[in-house]
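Working notes for the structure below.
The values are calculated or read from the model by the stated rules, or taken from the named source; none is laboratory data. No experiment lies behind these values; they were computed from the predicted model shown. Quick reminder, even Gly has a Cβ in these numbers, built from the backbone with ideal geometry, and neighbours come from all protein chains shown.
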Amino acid sequence: MRSRSSWGVILFIGAALSVTGFCILDDAYWAARREHQLLFVGAPLNSLAAWLLVVAVPIGAAGLLLLLPVLIGRIRRRAVRRLAGWTTVGGVAAAATCFGVVAVFALLEATGIGDTVRLEAVDGRSVLVTQDGFDGDVVDIYTENGSFYYKWARSAPELSGWPRVKDRECRLDAGEAVLRLVCGEKTVEIDVEEPAR
């Protein structure tokens, strides 16, 4: 019993730390979005944050499943112990639905509902092209604005629809004051400001 409750506490603390990490990363992502910036660390930061939530849900559930029987088993009166046990079973059944919904949406966010494509020019400058994951009609372009930040530069409705940007042969050509994003036959010009370092 002792190791079971110890593992339950460890798993529950792990889930709490994972949720805390999710909150910190998600707040940083949305703070950047309010400034029309995208926080990108190999993937959009909200996708990385959502993976922490995806991990937290089963770890927290496993921790509770290890802890609850131990705690309920400590109740001395048999009738009260059974009442607590059945109430817990009902609560777990109701909570499983909520945890399932949270897990599904966290998994969708983690895997990226939309697409984010990073393209780099020969001179080292790069852009991010984002496209929504539903019908692909919203395409935005972000230019570098620091180490991990990309600032919104413009919308690109000419790149919307199918095939998706990630499935096209796209390249980024560098000019002095503009970058040219060429995707197949379509060309988009992007005005570039000096990034804040």
- Item | Meets criteria (small (Gly, Ala, Ser) and either on the phi > 0 side of the Ramachandran plot or not assigned by TED's automatic domain parsing to the domain that holds ALA106 (or both)) for GLY42 | yes
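Here is a yes/no grid of residues against (1) β-branched (Val, Ile, Thr); (2) farther than 27 Å from ALA110 by Cβ; (3) outside the structural domain of PHE12 (by TED's automatic domain parsing):
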position: VAL57; (1), (2), (3): yes, no, no
position: GLY60; (1), (2), (3): no, no, no
position: GLY63; (1), (2), (3): no, no, no
position: LEU66; (1), (2), (3): no, no, no
position: VAL70; (1), (2), (3): yes, yes, no
position: ALA84; (1), (2), (3): no, yes, no
- Task: Would you mention how many residues in segment 1-12 are surrounded by fewer than 20 Cβ atoms within 10 Å (Cβ to Cβ) and in contact (Cβ under 8 Å) with a residue 12 or more places away in the chain?
- Result: 7
- Taking first residues from segment 184-197 that are more than 12 Å from VAL127 (Cα to Cα) and of a type in the set (D, E, K, R) and second residues anywhere that are modelled with pLDDT of 75 or more and outside any loop (DSSP other than H, G, I, E, B), the pairs with Cβ under 6 Å that are 6 or more apart or on different chains are LYS186/GLU158
- Condition check for ASP140: outside the structural domain of SER47 (by TED's automatic domain parsing) and modelled with pLDDT of 85 or more: yes
- Task: Within segment 34-53, identify whether any single residue is over 30 Å from ARG154 (Cα atoms), surrounded by 19 or more Cβ atoms within 10 Å (Cβ to Cβ) and touching a residue at least 24 places away in the same chain (Cβ under 8 Å), and answer yes or no.
- Result: yes
- Message: Of all residues being among the polar types (S, T, N, Q) and either under 12 Å from the mean Cα position of the chain (by Cα) or outside any helix (DSSP H, G or I) (or both) in segment 1-47, which is farthest from PHE99 (Cα to Cα)? Just the residue, please.
- Response: GLN37
- Message: Considering only residues that are of a type in the set (Phe, Trp, Tyr), in contact with a Phe, Trp or Tyr (Cβ under 7 Å, 6 or more places away or on another chain) and without any contact (Cβ under 8 Å) to a residue 24 or more places away in the chain, which ones fall in segment 129-176?
- Response: none
